[in-house]
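Written below as structure tokens is the structure these notes are about.
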Amino acid sequence: MLPDATDWKELTPNQLIPAIEHVRKMFDKGVWKCTELTKRLCYSTLHPQDKEQTSLALYETAFADYRRAIGARSWQNFDDLMEVGTPPAVFKAYLYVYAKGLEANIRDHFEEVVQSGLANSPLLKIHPAEWAKSHLKLLIKEHSHKIKIWIQEVCDKREQLKDASEAEIDELIYWKAWRAPKLIHMQPSGNTPFDPAAAWTRENERTTNQVLEALSQRFLQSLRFHLDDLAGEAHVRLAQSATKTNLSPVQGDAPNAQPRRRSGKRKASAARLKQRRIIFEAIQLRLTGLEYCRYLDKGGLSTPREWQSDGCPPAYEGAYRMGEPWRKKIQDQKHRELLQYNANPAQGEQLIQAATRATRS
């Protein structure tokens, strides 16, 4: 695998530069559409009293197409949040579908890059799926700054100045004076209990920066996890395709190889179900740090075997006390489960209940 590139042209054979250039252009266009559409509608919903808004008819029509692109499940989660009706719920609803729109954009263009790489695989130094993943990682990184801007601009209208001084231009670009309203970290967007009277109260500079960074990183992490899943699925799909067409070097070198055994599959599935149940319960209880780790240990979970092979203790508490990189790995694992839980809390509740009944029977 190649080290992370900083320039897409470093990854791209000369023959493929025109194709990738077009993909990048269309990806940028997709990001712009997702950003503007969700931003305009979120601002309008959060600020119904703003009479200076332009007509939203075109945006609402486009939103119907957006709905089909992100799928029924995502749209149901959006509707559920909008039914809550509070400013934090509205903010989370639109931030959620913003991410889902970007995920669809990533998926479409990842597939185009994979197919381009597959058709020209002799020109590549790495697997087409990894090559495509590297390109999309760069594109996500290039647009990462837009998350914070989106958050600011759904909360407030950026001032437009004519004949601005250099200092004013700097402020227009970076908006350093902007302060976050408390609503963006109130439930269900964050962990702070919802208080209608304080929803639009502004935070100080330090808290503003912390909340912006946390929301932005959580958003970007979900996009990276989505890209990881796409790359993994592409590896499997291409491997299966190679097998069907007798292109697999493993098959050619081992004609007498035995079919892979399935013993243990049900056991692995049960273990995964238990892991998700325990972690979901810990998330529900809002446990963090050592308390979270102790809960997992008490529930009979062990750290993943691949961690242990690198020197990680089997107990979560021991891993947490050892420090990095295990604390970061524990946090990343928790965050992945949290994303699934937040995507469909009702399903998470059903999983917990079903798993609990299974352990009691």
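Some notes on this structure:
- Theoretical gain in end-to-end length, Ala72 to Asp28 [0.36 nm per residue, Cα-Cα removed]: 13.4 nm
- Our coupling estimate for the range 319-331, obtained by passing each phi through the Karplus curve with A = 6.51, B = -1.76, C = 1.60 and θ = phi - 60°, is 5, 5, 5, 6, x, 6, x, 6, 4, 5, 5, 5, 5 Hz, Gly and Pro reported as x.
- Put a dot 7 Å past the Cα of His335, heading toward its Cβ, do the same for Asp79, and the two dots end up 3.2 nm apart.
- Gain on full stretching of the segment that runs from Ala270 to Glu36 - 0.36 nm per residue minus C-alpha separation: 79.9 nm
- All other residues whose Cβ lies under 13 angstrom from that of Tyr66 are scored, Lys and Arg at +1 and Asp and Glu at -1, for a net of +2.
- Cross-link table Lys148/Lys329; Lys176/Lys334; Lys9/Lys146; Lys182/Lys334; Lys125/Lys146, entries beyond 28 Å C-alpha to C-alpha: Lys176/Lys334; Lys125/Lys146
- On full extension, the segment bounded by Arg202 and Phe225 gains 5.1 nm, given 0.36 nm per residue less the C-alpha separation.
Bear in mind that the values in this text are calculations on the coordinates, not laboratory data. In this text, all values refer to a predicted model and were calculated from it rather than measured experimentally. As a convention, Cβ positions derive from the backbone with ideal geometry for all residues, glycine included, and neighbour counts pool all protein chains shown.
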